[in-house]
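The values are calculated or read from the model by the stated rules, or taken from the named source; none is laboratory data. What you see is a predicted model, and the numbers here were worked out from it, not measured in a lab. Cβ sites come from the backbone with ideal geometry, for glycine too, and all protein chains shown count toward neighbours.
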Amino acid sequence: MATIWPLLQAVLVVMAFHLGGSDANEPVIAPFKFQSRLKVGERGSVLCTIRSGDGPFNFKWLKDGHEFIRPFPGVDVRTTADTSLFIVQSVTLQNNGNYTCIVSNSHGSDSHTTSLVVTMAPAWEKEPTDITVEEGRYIKIECKARGFPKPQIKWENKHGNILNFSDSTFATSENGDLIISNTRASMEGYYTCQAENGVGSNLKKMIYLSVKGKPIIQPFTFPKDVTSGKKITVTCSVASGHPPLEFNWLKNGKRITSSPAMEIRSYGDLSMIVIENANNQSSGNYTCEVSNIVGQDTHTSVLEVKVPPYWIQKPQDMLLPVGENVNIVCEAGGTPLPIITWLYSPDGVVYNTVVPGVKGKSNLILNRIKKQERGQYVCTVSNDVGNSLKKEININVLVPARFEEKFSVETVRRGETASLKCEAIGDLPLEVTWAKDKRNLEIKELDRYERFETTVEKGLTSELMIRSTDRNDGALYTCFAKNDYGLDEKNIKLVIVEVPARPLDVRVQEVWSRSATISWSVPYSGNSPITKFIVQYWQEKENGQRLLEQTIPSSQTSVLLKSLHPGSPYAVTVVAENEVGQGMPSQTIQFVTGEEAPVSPPTDVQVKPKGSSSLLVTWKPPPKELWNGELRGYYIDYKVNSSPTSYLFKTVESSSNDSYEYILSPLMKATRYSVVVKAYNGAGTGPPSEEITVKTLEGDLPLPPPVELVSNSDSAISLKWGKSPSHNIPVTGYTLHYKKKNSGEWNYVHVVASDNNMYTIKDLESGATYQLYLTAVNQFGRGNPSDYLSITTNPKGIGIGLPFYLNLAIVVPVTASVVAFVVVLVVIVIFVKKTKARKALERDLTSLQSGKVVTYAPGSQRYIDMEKARRVSNPEPGTPAAASIASYASIPSRDLELRVDDPRQELKSFLPPQMRDRPLPHPKPSSLKKRGDSHLYDRAD
């Protein structure tokens, strides 16, 4: 039938082709298909015919889109001019698929696809078998079948019911295996696996599941309220479990066997234990253990045989010293375990619980037992079975002499009272003694040391008092306490604190112009740590000092003092301080800071003309605080005003004067000069004063006239004077200056110039000393003063009508002539002697070898002091302004033709080549004393 069907298809197609006819050129395939649901082993075929189209044709077969490549096992393809037969000799499951016939000619192609379905009845791939498993185990029973369509697997239980896999008890895998995660004994029985797919007959296989369970013990208990001497029986039986079973008994975890006091009987699925005469040894935890090939089970029950309390360890009386640790054991047995309680009574009447109830064993613990803890202690034992137990003990505490505090430190300030206390504890009688630095301390009457003792509850208190403490009292004091039971000692360190000592070895390490480094050594601290040092320093001034302080940490022993004044003397002292207070300052040391150039010009600089060739320069020193050291002198710089040349300068050495003056000469007549003054010290030159421009006069001032005394009386003095040299400039008048000695104001009288230059001063005080001098005036101003005269008027009533030879006008010139003669005679004698000595020296020099160097001592420097003739600030009426400054004579100054802007030249010394700048004649001193103000002028060559 399978072979005829393709042939019929081909005939029908050919007939349709010839009957219908067609003008189409492309091939058209007539539809075809395989027989439905072929079984494995059957023959399958399909005929692909041309419905229309022009030949020749080309046939090609595909399976599931892949071309067949001949030869192909089991497949035969037979092709004619217009048909192609595809034959499968014996179909298998591998032949399932889609088969396509493709026909093509020169005009095109056509294709048709049909499916081949091969079925297969179920067949066992893994047949289930009987299985035995232990209870509680996981099992998987395999059941696998093949076929097409794929067979479905079903499981039935021993009652013929299909298993419900929604229950967590059973489960199945994708391929049909039965899974039991927790096997139980109730699951034992027959199970059937069935496979079906609608092709052929179903497959079925019945298996037997055998479950072997472990034994399970039926719980048991011992009887309660068992007392000693009774018989006890208990049975251990099994509720389930596969035989054979094995029984074992354990007591308190240890295996036991039958004995005369205990018998074990076992019968298949039960076992019993029999105790003939129960006692306290019978109590314990009894365990029944049952096992088979699958597993085992155990059950434990407690047997408690009640036994009255009995002693294991009785407490005993104790005698011990105070401070010892007490540990007394009270231990008793019994069932149940007895409760042990400790009671205490200091007097044996009233008892208090000191240790609460503890089972079996109780320790009475007293750490460092005290005296008040001695007395009667009772240990009671009870377990509510039989009679209770009780034991009384006595604890006696001995208190030896001792100190709770073994060492202490007492600190007291020097001079205060120290109190050292020792509190001795112990049974009386107690004896306390004292020692100082381990030597016995004897306390005598009227001594600074006193001792007081007081009996207290715990023992004895001894107090040592030390009054008016000093440094020697600082020591280690020991008090010894002694009684019949022991000896102890306590050490007390007495520290006498005081202010620190003076810092030592204070030194100036380095000094600069505005700072200095001071160092010192740490002194004795006074037994109290030094907290800081205080450096006190001040600038030593004539008008008082200002104390400055700088605090330094105790860890530092040096300091840098800053902001000091250059060129100034300073004094420094160091003070140490602790918690007690400040100590005495160290020894004061002095130092002088380095100099710097002055920072201020001279003050009150004034320049006045003194003639046609000289200028008088006056000034005052700069403020002393701006000197920056000791002034060495002054530079007077001068030059012709508006001249491009450099300044010339003169040097004036410094002195203690409050004011200075200097005469610049020789200068050019009627010429303007610019003048500045600068101060200098060892470090350099200070700034110049403001430039002053002054013009020299067009003529010279008159020279001082010679004045002499004519006569004096008790109320008048007569003077006369010669004509003053006037450099061909007539003198227009004179001014006579006079005042009483030590009085403040000068009086003056104007006298018109005449041939008879004489004047009498009247209305004077008798017996008084007067000072006088005379000045001449011309058209250019007032000249320098004459010599000073000091004249004393006669006492009242004397000097009237004296003979001529007693007149001072005669006596003085005669006396002066005699003195002059004597002086000339002495000079001649000295000259003759020196001439002879010089000749002798020349003879000695000729005998000396040439090349010898002879050293001569330098000439001494000469200074001339002179008194002011009158106050500069109070000129006389009618005196020209140019001559308002009093003239003074001076030693010629050095003419230093140097540039003032060269500081190295300012600090050098020079010897001028010749004498220049001759000073005006200086009034020679008479009997008048020198005034306090003096003026220093340039050095003479």
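Odds and ends about this structure:
- Lone qualifier among Thr455, Thr469, Thr433 - being without any contact (Cβ under 8 Å) to a residue 60 or more places away in the chain, buried (at least 17 other Cβ atoms within 10 Å of the Cβ) and not assigned by TED's automatic domain parsing to the domain that holds Asn367: Thr469
- Residue match in the range 581-604 (condition: within 27 Å of the chain's Cα centre (by Cα), buried (at least 16 other Cβ atoms within 10 Å of the Cβ) and touching a residue at least 12 places away in the same chain (Cβ under 8 Å)): no
- For the residues Tyr208, Tyr267, the requirement of being among the aromatic types (Phe, Trp, Tyr), within 20 Å of Ser291 (Cβ to Cβ) and surrounded by fewer than 17 Cβ atoms within 10 Å (Cβ to Cβ) singles out Tyr267.
- When the residues of the range 700-718 are filtered to those that are in contact with a strand residue (DSSP E or B) (Cβ under 8 Å, 6 or more places away or on another chain) and assigned to a loop (DSSP other than H, G, I, E, B), the one that is modelled with the highest pLDDT is Ala716.
- Being small (Gly, Ala, Ser) and under 30 Å from Gln556 (Cα atoms) is a condition met by no residue of the range 607-617.
- Residue among Arg78, Arg137 that alone is out of contact with any helix residue (DSSP H, G or I) (no Cβ under 7 Å at 6 or more places or on another chain) and assigned to a loop (DSSP other than H, G, I, E, B): Arg137
- Test: residue in the range 224-246 that is free of Cβ contacts under 8 Å to residues at least 12 places away in the same chain and either surrounded by 15 or more Cβ atoms within 10 Å (Cβ to Cβ) or within 30 Å of Val133 (Cβ to Cβ) (or both): no
- Residue check, Asp755 modelled with pLDDT of 85 or more and assigned to a loop (DSSP other than H, G, I, E, B): no
- Breaking point among (1) at positive phi; (2) modelled with pLDDT of 80 or more, for Thr132: (1)
- Here Gly323 fulfils each of the conditions (1) out of contact with any Gly (no Cβ under 9 Å at 6 or more places or on another chain); (2) in a strand (DSSP E or B); (3) small (Gly, Ala, Ser) apart from (2).
- Within the range 680-718, if we keep just the residues that are hydrophobic (A, V, I, L, M, F, W, C) and over 15 Å from Ala753 (Cβ atoms), the residue that is farthest from the chain's Cα centre (by Cα) turns out to be Val710.
- Residues of the range 720-767 classified as surrounded by fewer than 13 Cβ atoms within 10 Å (Cβ to Cβ) and of a type in the set (S, T, N, Q), total: 5
- Considering residues of the range 690-719 that are touching a helix residue (DSSP H, G or I) at 6+ places or on another chain (Cβ under 9 Å) and under 20 Å from Thr769 (Cβ atoms) only, the residue surrounded by the most Cβ atoms within 10 Å (Cβ to Cβ): Asn712
- Criterion violated by Leu564 - all others in (1) surrounded by 15 or more Cβ atoms within 10 Å (Cβ to Cβ); (2) under 30 Å from Asp473 (Cα atoms) satisfied: (2)
- Within the range 768-800, if we keep just the residues that are among the aliphatic types (A, V, I, L, M) and surrounded by fewer than 17 Cβ atoms within 10 Å (Cβ to Cβ), the residue that is farthest from the chain's Cα centre (by Cα) turns out to be Ile800.
- Filter result (surrounded by fewer than 14 Cβ atoms within 10 Å (Cβ to Cβ), in contact with a Ser or Thr (Cβ under 8 Å, 6 or more places away or on another chain) and not acidic (Asp, Glu)) within the range 379-427: Lys390, Gly415, Thr417
- Residue selected from the range 744-765 under the condition in contact with a Gly (Cβ under 8 Å, 6 or more places away or on another chain) and either in contact (Cβ under 8 Å) with a residue 40 or more places away in the chain or of a type outside the set (Val, Ile, Thr) (or both), by the criterion farthest from Leu701 (Cα to Cα): Asn757
- Some residue of the range 729-740 being aliphatic (A, V, I, L, M), in contact (Cβ under 8 Å) with a residue 24 or more places away in the chain, in contact with a helix residue (DSSP H, G or I) (Cβ under 9 Å, 6 or more places away or on another chain) and within 30 Å of Val640 (Cα to Cα): no
- Filter result for Gly682 (at pLDDT 85 or above and closer than 30 Å to Ile636 by Cα): yes
- Restricting the search to strands (runs of 3 or more DSSP E) fully inside the range 145-187 and requiring at least 1 residues that are over 14 Å from Trp124 (Cα atoms) and at pLDDT below 80 gives 170-172.
For (1) of a type in the set (Val, Ile, Thr); (2) in a strand (DSSP E or B); (3) surrounded by fewer than 13 Cβ atoms within 10 Å (Cβ to Cβ), each residue gets a yes or a no:
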position	(1), (2), (3)
Lys444	no, no, yes
Asp447	no, no, yes
Leu460	no, yes, no
Leu464	no, yes, no
Thr478	yes, yes, no
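- For the range 653-672, a tally of residues being surrounded by fewer than 22 Cβ atoms within 10 Å (Cβ to Cβ) and either in contact with a Cys (Cβ under 6 Å, 6 or more places away or on another chain) or farther than 22 Å from Ile729 by Cα (or both) returns 8.
- The lone criterion from (1) farther than 30 Å from Leu631 by Cβ; (2) among the small types (Gly, Ala, Ser); (3) crowded, with 16+ Cβ neighbours inside 10 Å left unmet by Gly686 is number (1).
- Selection count, the range 359-370, where residues are outside any loop (DSSP other than H, G, I, E, B) and crowded, with 16+ Cβ neighbours inside 10 Å: 3
- Unmet criterion (only one of (1) farther than 18 Å from Glu263 by Cα; (2) of a type outside the set (Ser, Thr, Tyr); (3) part of a strand (DSSP E or B); (4) in the same structural domain as Phe247 (by TED's automatic domain parsing)) for Leu343: (4)
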